[in-house]
Amino acid sequence: MAHLYEELSLSAQTSFASLNQAAQQADLRRSVVDVAGGFAKKKVAGRDYWYHQIKNPEGTLVQTYIGPDDPAVRLLIERHASPVARTARAHLVSMARAAIELGCLPIPPKHAKVIERLAEKGLFSAGAILVGTHAYLAFQNQFGVRFLHGQGTLDPDFAHAGKNVSMALPKNLNLDAPAAIDSLNMGFIPNNSRTTYTKSDEPDFDLDFLTSQRRGGDEPVQLPRFNLTMQPLRFMELSLEDPMRGTMLSRAGPIVVNQPRPARYAIHKLLVHGERPPEQRTKARKDIAQAASLMDYLLDHDTEETATMWRSVSQRGAGWRKRLEQGYQAMISAFPAASFHERLPHALAARGAGYGDNPKLRRDRRLATLWRSPV
C-alpha cells in the first residue's frame, strides 16, 4: 500500500509541538497591550479613563476604550512597555523560524500578514474559522507529516457560522472586518457581492468570506456584527461545527486560529467535489487530493473518529449520501494504491455498526458497507 504522506523528522515534529504549545498559551494571555499602538488618558466627568490608540493607513487616529485609571489597567499598560513582552514575542518568532528550517511548512508572508491582522482585530476570538488550503497546511505540521498531493491554491478563506450554527459572541463585540482589511494597505477591493476581496495586481490572491447554506440558497448573508457579507456554500456547516484551535506557521511568527477538525475537513472535501461545475475541474481534483491525503493519515492514526464522522454524515439525508458516495468513488479511482476500498469499510465495520432500517441500503451491499448506522 502506497501512502500519500511522509513523516517529518523527529526534530521537526518536536520543534513544532513546542511552538504550538507556547503560541497557544501566549494567545490565551493575549490582550490589547499585545497590539501595536499606544495609550492615552482622558478625563471624563472628573474621572480618568485609558484608551488604546493607533493610526490607520490614512493617518486617522483610532481609539479604543480600555478602562478606568485603576491598578489593573495601569498594570496592562506597563506590560505593553515591558521589554519582557517584546522578548517573549521575539522568542516565538525564533521558535517559528527554527521549525521552518527543520522542515515544517510555513504560509506565504503576505497571507500571514492578512491572517495575523484579522486575528489581532478579534475575528477568530469571535468565532471565525480558517478553511481551505491554509487549514490543510496546518494539519501537516500538527500531524508531523508532509502530504504529497493537494497543496493547490492558497487563497485565505474565512468561514463563519453566521446565523446557522449557535455561537457564543460577546454582546459588546463590534468588529469592522473590512476596515481591518483596508488597514493592511495591500489594495484589496471587494467584489460586487462583497463576499470576496481581490487584488488587481495579484489575481490569484483573494480573501473569501463563507458561511453555510440556509433556506435563502446561495444568496449572500449579511453579518452586521462583523460588517461583512458571507457567501453561503452547501455542506459548509460540517466544517463549522466543533472547530479546533490551530497554529499557523510563518517566518514572522506563529498565528493561532480556529480551523475545522481534520475528519470533518476531509469528508467536506468529498462532499463538495460533486458540487463543482465543469469549469472548476482543477479545484475538484484538489478536493479529492486533500481528502485522500487526510483520509490516508486518519485511517492510520484516528480510525474511530473518522468512522464516527463518516457514519454521522451519511445519516444527514439522501443528498449528503449521494455526494459522499460520488466523492468516495472519485477518491478510490484517483488513488487506487491507497486501498481506500478496503481500509474504509474495515474501519466502519470495526465500529460494530449494522445496516439500519433503510431497505435500499440493505439491498445495496456496497453502499451498506459505507452508510452504516448505529444498532
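The values are calculated or read from the model by the stated rules, or taken from the named source; none is laboratory data. Here the structure is a predicted model, which is why all the values come from computation and not from measurement. Here the Cβ is made from the backbone with ideal geometry for all residues, glycine too, and neighbour counts use every protein chain on show. Surface areas here come from the heavy atoms of the whole protein model, side chains and all, with no ligands, DNA or RNA. Shrake-Rupley method; radii C 1.70, N 1.55, O 1.52, S 1.80 Å.
First check a/c for region 194-267, with a ≥ b ≥ c the square roots of the eigenvalues of its C-alpha gyration tensor; if it is under 1.5, answer rounded, and if not, answer prolate when a/b is larger than b/c or oblate otherwise.
Verdict is oblate for region 194-267.
Sort 319-327, 40-48, 247-255, 128-136 by packing, meaning the average of other beta carbons within 10 Å per residue, with the highest value first.
My ranking of the peptides, most packed first, is 128-136, 247-255, 319-327, 40-48.
Using a 1.4 angstrom probe on heavy atoms only, work out the carbon and sulfur share of the accessible area of region 296-336 in %.
46 percent
Keeping all protein chains in place and using 1.4 angstrom, which order do Ser94, Ser193 fall into by accessible surface area, from largest down?
Highest to lowest solvent-accessible surface, that is Ser94, Ser193.
Among rounded, prolate and oblate, which fits region 254-341 when a ≥ b ≥ c are the square roots of the eigenvalues of its C-alpha gyration tensor, a/c under 1.5 means rounded, and a/b larger than b/c means prolate?
rounded
Over region 174-231, what percent of the accessible surface lies on carbon and sulfur atoms, probe 1.4 Å?
41 percent
On average, how much accessible surface per residue is there in region 213-254, in Å², for a 1.4 Å probe, leaving out ligands, DNA and RNA?
With all protein chains present, region 213-254 gives 48 Å² per residue.
Can you give the net charge of the other residues whose Cβ lies under 15 Å from the Cβ of Pro336, counting K and R as +1 and D and E as -1?
Counting the neighbours of Pro336, the net charge comes to -1.
Please work out the Cα center distance from region 238-294 to region 87-149, rounded to the nearest Å.
Rounded to whole Å, the Cα centres lie 15 Å apart.
Among rounded, prolate and oblate, which fits region 212-309 when a ≥ b ≥ c are the square roots of the eigenvalues of its C-alpha gyration tensor, a/c under 1.5 means rounded, and a/b larger than b/c means prolate? Mind showing how you got there, number by number?
Values: a/c = 1.61, a/b = 1.17, b/c = 1.37.
Verdict is oblate for region 212-309.
Net charge around Ala252, counting only other residues with Cβ within less than 13 Å of its Cβ (Lys, Arg = +1; Asp, Glu = -1)?
Once positives and negatives cancel, what remains is +4.
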